[in-house]
Amino acid sequence: MTGDRPRRSRRQVLGALATGASALVAGCGYQPGGGEFVWEESLPTSIGPGANSGDSLWRSDRRLLYRIRNRSGQGIDVGGAGFVELDDAEVAAYDSSGSMVWEGVTDSQYTGLPAVADGRVVCALENETVVALEPAPSEADDGAESVTSQSSDDPDTVWTTEWDGPALRFRASSSLAVGLHEAGVVAFAPADGEELFSIDLEDAPINDIDAVAVSADHVWIAGGSDPTLLSYDSEGTRTVSRSLPSTPHWLETSVSVAVLGIETESGEDELWLIETDDTRRGRLSLDHAGGAPLIVEDRAYRVADGTIRAVDCSSGEHRWTLEGYEIQGDLAADTERLYARGMTPEMDDCGLFAIDRDGTVSWTASVPTEPGCSGDLFSLEDRLVVLADDSMYGFRKTSGRRLTVL
């Protein structure tokens, strides 16, 4: 992954060991299982003898994992000899095998918070612009998008838009990139950077913003001294203005639905599901303990006090509840399963486990000493990826094919 070390990485050593091991067990019909450890890769940390990098931000679109970090000082000129002065932000994307498949560099350092949607990284820069980066299309594919290994700061910049306002904290979907700032929000089109609309607090029915969420084609805002939920479509037209009994604990979205954690007037905590036409699709009891749910399409998963609950956001119904689970770290999910680290009622030590959409435990697996149950867990295509201590670790999501000797 870096040009200054031999390519015989830990992954190759593991592969060699696996090859030898498979030869020994092939006669037994060995079949890799879900949660099995597959690879390890070290992340590049040094960028030059006099250079500095800020803390890495990690974002995922469930296909690639993006590392975003500001850089300054004197760095190594990868494309030539000597050194260069750095004052920029580096974006690197990693796939489910732990390989860096593309990287891009911005013209200056980012401010606020970046967001990722549909393979594009959107962020505001210190040079009073907003930019979007993505892998350059392959000429061999007649302009179709292709993820290929490259290192270039020009082909990856999709668009640049002037922005001389305050720093923006972005939330994004396939059709909206919305930046929250101290005086309101501004929405850009992710395809070309066109400013679609802005909402200033002076003109809105609230005096401050506590939370912003973005669905496919709507912006949801919650806040105000008299708590209110607002929704705006992609043209900036307000579609929802609903008084709330309290400031939401959190605000998320599922397809076209706003998902809120609310304390009601009676003091009970509830999960509310609000449609873009201001109808309330569901209202469910909620444990105040725990944070915002993890939402994938129409399914919301939430952990509180050792209990995992799944909610169907399209119907507003509880799908299943599992109790006695000790979860460590965040959840990860795709359209088929929920993944977590911790202990189930059947496990003695911390490990990985997967739960199908119907609430059935699909598999459980022990984990190696490193990373153990530490670090951050992500779901990427056919692998679970853990980030811990400047290293990436890959685990199987499902069982592999049985190995045999021909």
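The values are calculated or read from the model by the stated rules, or taken from the named source; none is laboratory data. Remember, it's a predicted structure, so these values are computed and weren't measured experimentally. When we count neighbours, we look across all protein chains shown, and the Cβ atoms used for this are built from the backbone with ideal geometry, even at glycine. We work out accessible area using only protein heavy atoms, side chains counted, and drop any ligands, DNA or RNA first. Shrake-Rupley method; radii C 1.70, N 1.55, O 1.52, S 1.80 Å.
Just wondering, is there one or more residues in segment 127-134 that are at pLDDT 90 or above, of a type in the set (Gly, Ala, Ser) and either assigned to a strand (DSSP E or B) or within 23 Å of the chain's Cα centre (by Cα) (or both)?
Yes; the residues of segment 127-134 include at least one that is at pLDDT 90 or above, of a type in the set (Gly, Ala, Ser) and either assigned to a strand (DSSP E or B) or within 23 Å of the chain's Cα centre (by Cα) (or both).
Can you find a residue that is surrounded by 18 or more Cβ atoms within 10 Å (Cβ to Cβ), free of Cβ contacts under 8 Å to residues at least 60 places away in the same chain and not in a strand (DSSP E or B) anywhere in segment 375-391? Spell out how you get there, then give the answer.
Going through segment 375-391, the residues surrounded by 18 or more Cβ atoms within 10 Å (Cβ to Cβ) turn out to be 375, 377-380, 383-387.
With free of Cβ contacts under 8 Å to residues at least 60 places away in the same chain added as a condition, the list becomes 375, 377, 386.
Filter once more, keeping what is not in a strand (DSSP E or B): 375.
Within segment 375-391, one or more residues are surrounded by 18 or more Cβ atoms within 10 Å (Cβ to Cβ), free of Cβ contacts under 8 Å to residues at least 60 places away in the same chain and not in a strand (DSSP E or B).
Go through (1) surrounded by 15 or more Cβ atoms within 10 Å (Cβ to Cβ); (2) in a loop (DSSP other than H, G, I, E, B); (3) within 19 Å of the chain's Cα centre (by Cα) and name the single condition VAL259 misses.
(2)
Answer yes if at least one residue in segment 136-151 is of a type outside the set (A, V, I, L, M, F, W, C), at pLDDT 65 or above and within 25 Å of SER96 (Cβ to Cβ), and no otherwise.
The initial filter retains those residues of segment 136-151 that are of a type outside the set (A, V, I, L, M, F, W, C), namely 137-139, 141-143, 145-146, 148-151.
Then keep just the ones that are at pLDDT 65 or above; that gives none.
Within segment 136-151 (the criterion being of a type outside the set (A, V, I, L, M, F, W, C), at pLDDT 65 or above and within 25 Å of SER96 (Cβ to Cβ)), the answer is no, since none of the residues qualifies.
What tally of residues in segment 182-224 results from selecting those that are over 16 Å from GLY236 (Cβ atoms), open to solvent by 10 Å² or more (accessible area, probe 1.4 Å) and in a strand (DSSP E or B)?
Result for segment 182-224: 1.
Can GLU317 be described as open to solvent by 30 Å² or more (accessible area, probe 1.4 Å), touching a Pro at 6+ places or on another chain (Cβ under 9 Å) and at pLDDT 90 or above?
Taking the combined requirement at face value, the residue does not satisfy it.
Determine if segment 228-235 includes at least one residue that is over 18 Å from HIS181 (Cα atoms), of a type in the set (Phe, Trp, Tyr), surrounded by 18 or more Cβ atoms within 10 Å (Cβ to Cβ) and under 24 Å from the mean Cα position of the chain (by Cα).
No, segment 228-235 contains no residue that is over 18 Å from HIS181 (Cα atoms), of a type in the set (Phe, Trp, Tyr), surrounded by 18 or more Cβ atoms within 10 Å (Cβ to Cβ) and under 24 Å from the mean Cα position of the chain (by Cα).
Being under 21 Å from the mean Cα position of the chain (by Cα), farther than 24 Å from ASP389 by Cβ and at pLDDT 95 or above: is that true of ALA117 here?
Working: under 21 Å from the mean Cα position of the chain (by Cα): yes; farther than 24 Å from ASP389 by Cβ: yes; at pLDDT 95 or above: no.
Spelling it out, it is not the case that ALA117 is under 21 Å from the mean Cα position of the chain (by Cα), farther than 24 Å from ASP389 by Cβ and at pLDDT 95 or above.
How many of the residues making up segment 291-314 are part of a loop (DSSP other than H, G, I, E, B) and crowded, with 17+ Cβ neighbours inside 10 Å?
Taking segment 291-314 first, the residues part of a loop (DSSP other than H, G, I, E, B) are 291-293, 297-298, 305-306, 313-314.
Of the ones still in play, those that are also crowded, with 17+ Cβ neighbours inside 10 Å are 292-293, 313.
Residues meeting the conditions: 3.
If PRO371 satisfies every condition in (1) outside any strand (DSSP E or B); (2) touching a residue at least 24 places away in the same chain (Cβ under 8 Å); (3) crowded, with 16+ Cβ neighbours inside 10 Å; (4) not aromatic (Phe, Trp, Tyr) but one, which is the exception?
PRO371 satisfies every listed condition except (2).
Could you tell me which of the residues GLY34, GLY48, GLY20 is farther than 29 Å from GLU381 by Cα, open to solvent by less than 50 Å² (accessible area, probe 1.4 Å) and either at pLDDT below 90 or not in a strand (DSSP E or B) (or both)?
Details: GLY34 fails: farther than 29 Å from GLU381 by Cα; GLY20 fails: farther than 29 Å from GLU381 by Cα.
Step by step, each of GLY34, GLY48, GLY20 is checked, and only GLY48 is farther than 29 Å from GLU381 by Cα, open to solvent by less than 50 Å² (accessible area, probe 1.4 Å) and either at pLDDT below 90 or not in a strand (DSSP E or B) (or both).
Restricting attention to segment 152-181, which residues are open to solvent by 80 Å² or more (accessible area, probe 1.4 Å), touching a strand residue (DSSP E or B) at 6+ places or on another chain (Cβ under 8 Å) and either on the phi > 0 side of the Ramachandran plot or at pLDDT below 70 (or both)?
ASP153
Working carefully through the options GLU85, GLU40, GLU90, find the one that is modelled with pLDDT under 95 and open to solvent by less than 40 Å² (accessible area, probe 1.4 Å). Spell out the reasoning first.
Numbers: GLU85 fails: open to solvent by less than 40 Å² (accessible area, probe 1.4 Å); GLU40 fails: modelled with pLDDT under 95.
Just a single option satisfies the conditions, and that option is GLU90.
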